[in-house]
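Chemist: I'd like to ask you about the structure that follows.
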Amino acid sequence: TLKWNIQDDGKYNSQAINQAAALLKQGQTVAFPTETVYGLGADATNPEAVSKIFEAKGRPQDNPLIAHVATMEQLIKLVDNIPPYVKTLIDTFSPGPITYVLPSNGTCAANVTAGLPTIGVRIPDHPVAQALLRKCDIPIAAPSANISGKPSPTTAYHVFEDLQGKIAGILDGGATGVGVESTVIDCTEAIPTILRPGGITVEQLQAVVGDVNVDPALVSSTERPKAPGMKYRHYSPEVPLWLVQGTALEIQQVIEREQRNGARIAVLASAGTAKLLHTEEIFILGDNINDIATHLYDALRKYKSSDVDLIVCEAFQEFGIGQAVMNRLKKAASKYLVN
Ligand code: TXA
Ligand code: MG
């Protein structure tokens with residue numbers, strides 16, 4: 001696996017982009033940073049290239065990939081029947097952390113969409129992703145660049161840990177900003193439906209297009225999710241994680257009870273809550289929910305079972321990007337304690 005440091009000399013390294021683009025056009029897989037998480041890219045029009053993504057990640061074959069493009073003009077070339085509200089959403093939020101599910105016109109290979117008639121398309125807002133997509137001038141299929149089931153990668157090192165030796169290259173553009181994946185929104189009906197909460201919040205979407213539905217599976221565990229990927233357990237840390245909703249005192253009581261049982265504990269908490277806790281190992285995720293989203297996956301990847309028996313994580317308010325954070329934490333957790 002080649003590794004290019006895109007920030008060499010603090011400036012933009014166009015040679016690295018050119019090499020990465022050349023590999024992608026030859027049908028190889030290359031990881032690159034986006035504003036959400038790192039993606040593992042391949043030529044979306046080449047089924048053999050796309051199958052290398054599934055193989056490297058160990059990804060279930062029924063889980064479709066997102067096609068990434070640099071511009072709205074390129075996006076329009078991949079889909080049919082774009083409702084007027086999608087134009088408004090694109091004008092407002094793209095490039096950015098949002099993926100539109102629309103009827104595919106068949107330009108992308110069938111394995112990108114896992115055989116579905118629809119395709120997820122996204123215009124990422126990251127200078128490296130933009131430069132790479134413009135250089136390639138082909139749609140790039142890219143799921144998060146992690147082994148399936150593990151937390152998504154927010155640094156090139158995370159990608160390296162998971163996929164070293166299995167992919168052609170990694171463009172290292174430093175840590176990503178948003179920290180959780182894009183919002184996936186089904187745009188095949190008169191009213192859009194959120195299939196996966198992400199970087200663009202439901203409140204932001206409602207402010208622009210009014211009515212927005214939410215996939216019932218996001219609120220009830222008995223419903224079958226409309227995004228195939230949402231049914232899988234995801235984001236699993238190496239160490240069991242308990243998500244605890246309650247006051248700092250209630251979280252402290254859980255920590256002390258488990259410590260008395262002999263468990264070595266790491267705590268993930270906001271800066272405000274961390275100040276009120278008394279325990280040795282605390283990972284401060286941030287002092288607001290956006291910072292918490294940014295640092296969440298790094299925290300989930302940090303603790304190894306050789307050092308820690310249990311991660312105790314504070315539960316956050318499901319408002320704004322807190323919805324995406326809590327969606328991921330509920331999937332990562334082996335237990336959700338509600339006080
Ligand atoms: O922020 C992101 O979206 C990142 C970066 C790399 O762009 N990508 C990402 O991809 O998170 P992935 O493959 O890890 O997640 C894609 C999600 C899955 O839950 C998948 O099932 C859903 O989007 N999806 C993709 N195409 C779909 C379609 N046609 N219909 C319904 N769901 C779809
Ligand atoms: Mg993923």
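The values are calculated or read from the model by the stated rules, or taken from the named source; none is laboratory data. Just so it is clear, the structure is predicted and the values come from calculations on it, not from any experiment. Here the Cβ positions follow ideal geometry from the backbone for every residue, glycine too, while neighbour counts run over all protein chains shown. Heads up: the accessible areas ignore ligands, DNA and RNA and are worked out on the full protein's heavy atoms, side chains in. Shrake-Rupley method; radii C 1.70, N 1.55, O 1.52, S 1.80 Å.
Chemist: Report, to the nearest whole %, how much of the accessible area of the chain belongs to carbon and sulfur atoms, 1.4 Å probe, protein only.
Modeler: Roughly 50 percent of what the probe reaches on the chain is carbon or sulfur.
Chemist: Full-extension gain between Asn81 and Lys3, please, as 0.36 nm times their residue separation minus the C-alpha to C-alpha distance.
Modeler: Full-extension gain reported as 24.1 nm.
Chemist: May I ask you to derive the FRET efficiency for Asp307 and Gln61 from their Cβ-Cβ distance with R0 = 51 Å, giving the value to the nearest 0.05?
Modeler: 0.90
Chemist: Calculate, in nm to one decimal, what Glu281 and Phe319 gain on full extension: separation in residues at 0.36 nm each, minus their alpha carbon distance.
Modeler: 10.9 nm
Chemist: Moving on. Using 0.36 nm times the number of residues separating Gln206 and Gln164, minus their current alpha carbon distance, what extension gain do you get?
Modeler: 11.0 nm
Chemist: Same structure, new question: Give me a comma-separated list of calculated 3J(HN,Hα) values for segment 215-225, in order, Karplus coefficients 6.51, -1.76, 1.60 applied at θ = phi - 60°, integers in Hz, x for any Gly or Pro.
Modeler: Ordered by residue, 3J(HN,Hα) equals 3, x, 5, 6, 10, 10, 6, 8, 7, 8, x Hz.
Chemist: Here is a further query. How much of the DSSP bridge set in segment 173-296 is antiparallel, in percent, rounded to the nearest 5?
Modeler: Once the DSSP bridges in segment 173-296 are tallied, antiparallel ones form about 30 percent.
Chemist: Still on this model: Counting Lys and Arg as +1 and Asp and Glu as -1, what is the net charge of the other residues whose Cβ lies under 9 Å from the Cβ of Pro151?
Modeler: Result for the local shell: +2.
Chemist: I've got another one for you. Treating only the Cβ atoms of Lys and Arg (+1) and Asp and Glu (-1) as charged, compute the dipole magnitude of segment 1-101 about its Cα centre; round to the nearest 20 debye.
Modeler: The calculation lands at about 120 debye.
Chemist: Ok, one more. Among bridges DSSP assigns within the chain, what percent are antiparallel (round to 5)?
Modeler: Expressed as a percentage, antiparallel bridges in the chain total about 35.
Chemist: Per residue, how much accessible area does the chain have with a 1.4 Å probe, in Å²?
Modeler: Roughly 42 Å² per residue, with all protein chains present.
Chemist: Continuing with this model, one more query. Put +1 on the Cβ of each Lys and Arg and -1 on the Cβ of each Asp and Glu in the chain; which of Ala141, Asn111, Ala263 then has its Cα farthest toward the positive end of the dipole?
Modeler: Asn111
Chemist: Below 8 Å, C-alpha to C-alpha, sequence gap of six or more: please give me the relative contact order for segment 1-123 in percent.
Modeler: This gives 24 percent for segment 1-123.
Chemist: With r defined as the distance between the Cβ atoms of Glu223 and Gln259 and R0 fixed at 30 Å, what FRET efficiency is calculated, to the nearest 0.05?
Modeler: Taking R0 as 30 Å, the efficiency between Glu223 and Gln259 is 0.20.
Chemist: Something else now. Given +1 on the Cβ of Lys and Arg, -1 on the Cβ of Asp and Glu, and no further charges, what dipole in debye does segment 265-310 carry about its Cα centre, rounded to the nearest 20?
Modeler: Dipole magnitude for segment 265-310 comes out near 80 debye.
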